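Heads up: the structure comes next, in structure tokens.
Just so it is clear, none of the values below were taken in a lab; they were calculated from the coordinates. Just so it is clear, the structure is predicted and the values come from calculations on it, not from any experiment. Don't worry about glycine lacking a Cβ; one is built from the backbone with ideal geometry, like all the others, and counts go over all protein chains shown.
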Amino acid sequence: MELKDPMYDLLSSLEQIVFKDVPQTIVLQQKSNPFTEYERLRKGTGMKTDDFARAMGVSVAMVQEWESRRERPSMTELKLMSLIQATPTFSKQLTE
């Protein structure tokens, strides 16, 4: 039996709310590479490393681990990054 991460479910629901007005297109994707996905999302936020770490609720050292590809971000963390990138006002509230 697979254990579900309640935070992942919560972020998925929030993601549906945030992206409700974005037209859904069906795109066949390769299996997602967490490092590539991280780099895309991280660049999209335009945030400084320390602000990004604070918004994510992780240490600056963890962000540096992701950026050096020594540590892989979880699917839950990637979802949160997606929400931060999509809603700049939300990310500003997280860093204040």
| said: I'd like the FRET efficiency for residue 4 and residue 71, computed as 1/(1 + (r/R0)^6) with the beta carbon distance as r and R0 of 22 Å, rounded to 0.05. | reply: 0.45
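Calculate the FRET efficiency for residue 62 and residue 14 from the Cβ-Cβ distance with a Förster distance of 30 Å, rounded to the nearest 0.05.
Between residue 62 and residue 14 the formula returns 0.90.
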| query | Leaving out same-chain residues fewer than 8 places away, which aspartates and glutamates sit with a Cα under 20 Å from that of residue 48? | reply | 37, 39, 65, 67, 71, 77, 96
